[in-house]
Every structure is written in structure tokens, then in C-alpha cells.
Amino acid sequence: MTAHEIVLLGGPDSGKTHYAGQLYGRLQRRPGRLRLRPGEATPTDLTALQEVLSCLENGRAAQHTPVSTWTEVQLPLIDNRGRLMDLSWPDYGGEALRDVLADRVVPPSWQARLTAAHGWVMLIRINSEVVFPATLERIPQKADAKPSLNNVRATTWDSNARWVELLQMLLHVARIDTVQRVRRPRLAVLLSCYDELDAGSQDPGEVLRQRLPLVSAFLASTWSAGQMTIWGLSSLGRALVKDASDTDFMQDGPEYQGWIVPPGGGVSNPDLSLPLTWLLGTE
Amino acid sequence: MSFRCANSGCYVTDGEACALGHASSTECDFGAALHAAAEHADASMRDTTGRVPWSGAALGLADLGQLTPRARSIVIGVMGPHDAGKTTLLTGNYLALLQGHRVANAGFSGSRTLAAWEGLAAWTRFDDATRPPTFPPHTPRAAARSPGLLHLALRRDSGEFRDVLLTDGPGEWFTRWSINEAAPDAEGARWTARHADGFLVVADCSRLASPDYGTARQATRSLIERLGNHIAGRPMVFVWTKSDHTPQERPRAAIREALGAHIPNVREAESTVSRPNSLVTALSLLLEDTWNPPYARRVVDPVLGNDGFARFRGRGHDRT
């Protein structure tokens, strides 16, 4: 049996907790390629998932995970060829990731995880990313439009630059050389809340290329082909709210909601554990 | 074991004067309790483990040691008079990468100076109704001994990886340098001329089209003539910026003549912000030429003397 750790990277409100909750529901009640090991199926400690599971059962969205939280769920897994593995799934407040950029320091606990991890999962919610359009050709060419020196602009970074800087920092801290293309860790990019994008069965890689071109170029030129994949993820399949129940969602139970669009596009698949299967190299 | 003063701002134990002005550390309240420093050093080691060796701002010479050992790096010297569009040319290339374009047939593979790039790009953006977008402001004329370097890492599909360092210096440096090679405030221009692997020299078409074209022609020509002494066969691309203005024919011919006389193998490009792709083309042209280092010249044994015993220079050399 091998123990696998993954690192989950996602900013605030990118859907980390919902994905964790839905993933657990899938593994336990409606398994695909990966399932929980019979006999020891229920993880010993479910505290981390308790709140999200009960919210989803009632057709409500889960609360925001507090910043200081760092919890892990140990999932004993078995794949469809009978191989055993232990997966530790982390959950934390997404602000922690934003602080990495602001403080330019990666906490030592993260550094250890990043170095040891078998794979990285990156959650990007495209619709909440700030992207500026190209405007160079539309700047008025007037002599009196000359800016003065003390007119310093407060800068909001383009999301493209934020993600690239973050990945560069994490790669550096994990002591991964990028002059050669990266082979380990594998990287699964999940475009979360894919239902917001109306992308249908479009290739998620293409969606990322259109919406965050610099990130897409960076990933393609940093990771080896085949060691990085881009998926479209809708953990819930629809938008839920925190203070009202969605009856449709409640009726069947959360394990019948949510889907994932595989790399390259195509029909959406209800097996939310597919990126993990790929990440752990068991496909 | 080494000791430190309990006052963290005091370096008396490093041989400096007491921070509070006492003649001897024993007279000072803090100095009475010199702390063992071993643990302190260990703590500061731990603090730096999760840090990265770049801040995102433009790189200085001290930063190069962190970057250049990892791969082949290309230093591009961007030269030209003040307000000719050097910084806009660079910003245009970053904005193009942001839109997913490729530069020199290579994909974006990271940058150590994203904060500097974003700082420049912010000027061109509509993020606040009260501040219309403008071109990046005049690069400040600092007393620095080297220009700020903007960094791009590029990778071609074949896997070739290059660190591209673009100099972003103020135009006055180059104007001063073209007048007086030894000018004390042109140290940055001398650094650029010495260390660049290739040059982008820009000339402002709008100024060459204006009635004041004489001054512009003079500035550009003297820069070309100065650079001609230093270029030593390195590639150069001459960029006619703001090319939506058509410069007057004869000043343009005069500049071309100077180029032909002083810079062998010069290539020309035109760029204008109304076609942002033209900015990328100009840089790509130069990167194509500098992507691979020039071949080394064949080593020829020098003739050191005419002593008969030192005459043997290999067999069959001259017979072919």
C-alpha cells in the first residue's frame, strides 16, 4: 500500500470545500474507478467534512472555510484493479494562498507538503478572476496626456500574472527546476464552477487558453506534455445558496449531482474522482 | 559562540559603535547582557526557507547571480533617445504575452519581474474612470550603474529554454553617452553596450516627421555612430517606432546611411501601438538572431617567434 499526498491549491471561493464534500460522497456511495476500501470505509475522522456534508444533504451551500483552518481527511482508497492507497485530502481557507502572494513567504508546513506531494490540484474559478483587456491601440495619442512622475498607479494585478507568480513561487520553494519541463508532481487544473461558463462540452484547456492565456501558456511550457491536464469541474452541477434549500438537489442526494468534463472536452462524466485517478497514475 | 547585543538594532558586537553612543559595551544597559547569538542565527535560517529570491521588481546586477546560472540568458539592450518609445515597446510585448501571443516563436515560461511588468501595464489599462489609460511614464533617470532589467523566460516547442533580460534605461543615458562616451551619468549606457547580446535601437518617427526633425536626426545618428564603435558584430534591430507617422524622406535616408556605414548586418522593423503585433515582431526579430550564441571563432595558434625549435606547427596544415 502506498500513501499519497496531494496539494490542493485554490483561492477563496474557488470551491475547495464543495469539491471535497462531493468527492467523499462519490467515493462512499457512488464509486467510479476509485472507491473507499470496504471494511475500513469510513475514515476515522470526518470533522473536516461534517459541515459541508450536512449542508449538501439539505441542498444548501456550505459556509466559507475560516482562514485559520487547516484540516485533513484521510481516505483509504482502492482502485478498480485492486491497488490500495491512502490519500490525505487537505482543506483550508483560501485566503492562506492569497497571503502567500502578499507576504511572499510560503509557510514551512506548505513547503513540506509541496515537496512531498505526488500531485498538485489547482482550482481556478474563471468567472471570479480579474482580467484586463488589451488596450494599447486605444490609448489616446495626445501630447497633453503625458503622465507626470508622481502620478503613481495603484496596481491591481491581472489574474494571469497572479497565478503565474504563485506557481513560480511554489515551484521554487518545492525546489522544482523549471528549466527542464516538470514531470513530477503531476498537475491537475480544475476549472471549478464550470456550469457558470456555459462551455458545454468544449475542451477545458481551450477555455483556459481563452480566458487566462498567460496562465495557459505558462502551464504548457512549464509542465511536460501528459503530466498536466485541465478539467472542467462542477461539483454541484448548479448554484446553491447558503440559506435556502434546493429541493431537486435534496431529493436524489448530493451524490447524484455534479459532473466533470475530461481534458479534451466531450461528454461530462459524473465520476468526480477522475482527476485523482489520473493524478495517482492509476488510469 | 558569538554574542549579540540585546538591542536588536545595535551592531556593537560586529565591530560598530554602540547604537546608544556608549564608549564601551559594558557601560550600556543593553550591552551588559550580551546574548548568545547561535539560536538567533538558526531562527533566521528557518525564516528564509519558504522565501523566494526575487521580489517581482526589475532586476539589478545583484539579482543576476541568482538567475543566469540556470540557463542561457540573452541580454537585450534597448537604446534610443528620451520619449522614443523604448518602455512602450517592452510593455507592448508583455501585453501581447498576456493575450496569449508568442514571442520569437517561443511560449511564455515565467518571469522574475512580474510586479515590474504589471506596474508598466497598469498605465495602459482602464481600471478607474477617473484615470484614463496612458503610455507608461518616463523611466526615471537614476544614478544607477546599470539599467533595470525586465525578465522573461521563453521556451520553444523543442524545449529550448532562454532567460531574456531586457534593459529598461532612461533615454538621457544614451543621449549623454552618444555625446561623451566617458560621461559619469552614462554608466548605465556603458553597461548596456558592454553586456548586451543584441541591441534594439529605436527612433521616433513622429519626431522625424515634425518640423523639429533636425534634433531627432542628430540624436539618432550620433547614437548609431557611438554604438558602431562598440557593437563588435553583435546583432541589432533598428526600430522605427510610432510608424503611423511617416518621417520625411531625406532625414530617413540620412539615418539609413549612418546605419549602413556603422552597423553591419542591421535589420529594420517598424512598430506602432495601433498594430500591437508590430511591437512583438520587432523584439522577435532580434531574439531570432540572438537565440543561439554566435559560433566561436576557430583558435589559431599565434606565431610567438622565429626560433627554429618552436617552428613545428602541426603536420599537413598548409598542404591542403
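The values are calculated or read from the model by the stated rules, or taken from the named source; none is laboratory data. Not measured: the values here are computed from a predicted model. Note that we place each Cβ from the backbone using ideal geometry, even for glycine, and neighbour counts take in every protein chain shown.
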**Asked** Of the numbered conditions (1) modelled with pLDDT of 90 or more; (2) buried (at least 21 other Cβ atoms within 10 Å of the Cβ); (3) within 11 Å of chain A (Cβ to nearest Cβ), B:Leu120 satisfies every one except a single condition; which is it?
**Response** (1)
**Prompt:** Considering the range B:96-116 alone, what residues qualify as being at the interface with chain A (Cβ under 7 Å from one of its Cβ atoms) and in contact with a Ser or Thr (Cβ under 8 Å, 6 or more places away or on another chain)?
**Reply:** B:Gly100, B:Gly107, B:Phe108, B:Ser109, B:Gly110
**Request:** Please specify each residue of the range B:140-160 satisfying the condition of being assigned to a loop (DSSP other than H, G, I, E, B), crowded, with 19+ Cβ neighbours inside 10 Å and within 13 Å of another protein chain (Cβ to nearest Cβ).
**Result:** none
**Prompt:** When only residues in the range A:87-139 that are without any contact (Cβ under 8 Å) to a residue 24 or more places away in the chain and facing another protein chain (nearest Cβ under 7 Å) count, which is farthest from A:Gln210 (Cα to Cα)?
**Reply:** A:Pro108
**Prompt:** Given (1) assigned to a strand (DSSP E or B); (2) surrounded by fewer than 22 Cβ atoms within 10 Å (Cβ to Cβ), where does B:Val237 come up short, assuming only one miss?
**Reply:** (2)
**Fill in**
The residue from B:Asp197, B:Asp168, B:Asp163, B:Asp212 that alone is within 14 Å of chain A (Cβ to nearest Cβ), in contact with a strand residue (DSSP E or B) (Cβ under 8 Å, 6 or more places away or on another chain) and not β-branched (Val, Ile, Thr) is B:Asp163
**Request:** Look through the range B:288-320, keep the residues that are closer than 30 Å to B:Val103 by Cα and loosely packed, with under 10 Cβ neighbours inside 10 Å, and return whichever of them is modelled with the highest pLDDT.
**Result:** B:Pro293
**Request:** Being modelled with pLDDT of 80 or more and of a type in the set (D, E, K, R) is the filter; apply it to the range A:53-72 and report the residue that is surrounded by the fewest Cβ atoms within 10 Å (Cβ to Cβ).
**Result:** A:Glu57
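Conditions tested, residue by residue: (1) over 29 Å from A:Thr247 (Cα atoms); (2) touching a strand residue (DSSP E or B) at 6+ places or on another chain (Cβ under 7 Å).
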position: A:Ala48; (1), (2): no, yes
position: A:Cys55; (1), (2): no, no
position: A:Thr69; (1), (2): yes, yes
position: A:Val73; (1), (2): no, yes
position: A:Leu77; (1), (2): yes, yes
**Asked** Would it be correct to say that B:Asp163 is surrounded by fewer than 22 Cβ atoms within 10 Å (Cβ to Cβ) and within 18 Å of B:Leu90 (Cα to Cα)?
**Response** no
**Item:** Enumeration of residues in the range A:7-52 that are surrounded by fewer than 19 Cβ atoms within 10 Å (Cβ to Cβ) and under 20 Å from A:Pro66 (Cα atoms)
**Value:** A:Pro12, A:Asp13, A:Asp45, A:Leu46, A:Thr47, A:Gln50, A:Glu51
**Message:** With the requirement that a residue be over 16 Å from B:Phe199 (Cβ atoms), assigned to a helix (DSSP H, G or I) and away from every other protein chain (no Cβ under 14 Å), what does the range B:261-280 give you?
**Reply:** B:Ala261
**Request:** Could you grab me the full set of residues in the range A:76-104 that are over 16 Å from A:Leu9 (Cβ atoms) and touching a Pro at 6+ places or on another chain (Cβ under 6 Å)?
**Result:** A:Asp86
**Prompt:** Residues in the range B:71-95 that are within 11 Å of chain A (Cβ to nearest Cβ), surrounded by fewer than 22 Cβ atoms within 10 Å (Cβ to Cβ) and not in a strand (DSSP E or B): how many?
**Reply:** 2
**Asked** Looking at this structure, is A:Leu240 part of a loop (DSSP other than H, G, I, E, B), hydrophobic (A, V, I, L, M, F, W, C), surrounded by 18 or more Cβ atoms within 10 Å (Cβ to Cβ) and in contact (Cβ under 8 Å) with a residue 40 or more places away in the chain?
**Response** yes
**Prompt:** Is one or more of the residues making up the range B:220-227 without any contact (Cβ under 8 Å) to a residue 60 or more places away in the chain, assigned to a loop (DSSP other than H, G, I, E, B) and farther than 17 Å from B:Leu89 by Cβ?
**Reply:** no
**Asked** In the range B:199-225, how many are surrounded by 21 or more Cβ atoms within 10 Å (Cβ to Cβ) and under 24 Å from the mean Cα position of the chain (by Cα)?
**Response** 12
